[in-house]
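Student: One structure is given below, represented as structure tokens, and several questions about it will come after.
The values are calculated or read from the model by the stated rules, or taken from the named source; none is laboratory data. What you see is a predicted model, and the numbers here were worked out from it, not measured in a lab. Glycine also receives a Cβ, built like all others from the backbone with ideal geometry; neighbour counts cover every protein chain displayed.
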Amino acid sequence: MKKKKYEIKELKELKEIFSLEYTKEEKDFIVTFVTLNENIHYSMICKNTDIFIKLEIEFYEKFPEFKKCINNFLIHGKIIDKYNNLESNNIKDNDIIIVMPIKDGK
């Protein structure tokens, strides 16, 4: 009996970590980050309700050299508001997000 309770608790924790539960409004899709010089093409799965800064953090974890810079992220030629969700920023499935360093952080 104790083992079963532990497994249920572990499953709930995993669901929380991986956001396996969706509401009717949530949709998952893929966005691709591309640098201006096109050296980096990095795709990630996200939800339309994700706050953009969550994606930015994941990008920096994968490419830590960009943490040293001040960067703008562009979608359809407009700067993304990092504190709004993807839907509010008009980011859709298969969109390309341009990573544009504006100041070297050295």
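Student: If ILE96 passes every condition in (1) crowded, with 16+ Cβ neighbours inside 10 Å; (2) out of contact with any helix residue (DSSP H, G or I) (no Cβ under 8 Å at 6 or more places or on another chain) but one, which one does it miss?
Tutor: Every listed condition holds for ILE96 apart from (1).
Student: Checking ILE98 against (1) at pLDDT below 95; (2) not in a loop (DSSP other than H, G, I, E, B), which single condition isn't satisfied?
Tutor: So the condition that ILE98 fails would be (1).
Student: Would you check which residues across segment 52-72 are crowded, with 17+ Cβ neighbours inside 10 Å and either touching a residue at least 40 places away in the same chain (Cβ under 8 Å) or out of contact with any helix residue (DSSP H, G or I) (no Cβ under 9 Å at 6 or more places or on another chain) (or both) and list them?
Tutor: Of everything in segment 52-72, those that are crowded, with 17+ Cβ neighbours inside 10 Å and either touching a residue at least 40 places away in the same chain (Cβ under 8 Å) or out of contact with any helix residue (DSSP H, G or I) (no Cβ under 9 Å at 6 or more places or on another chain) (or both) turn out to be PHE52, LEU55, GLU56, PHE59.
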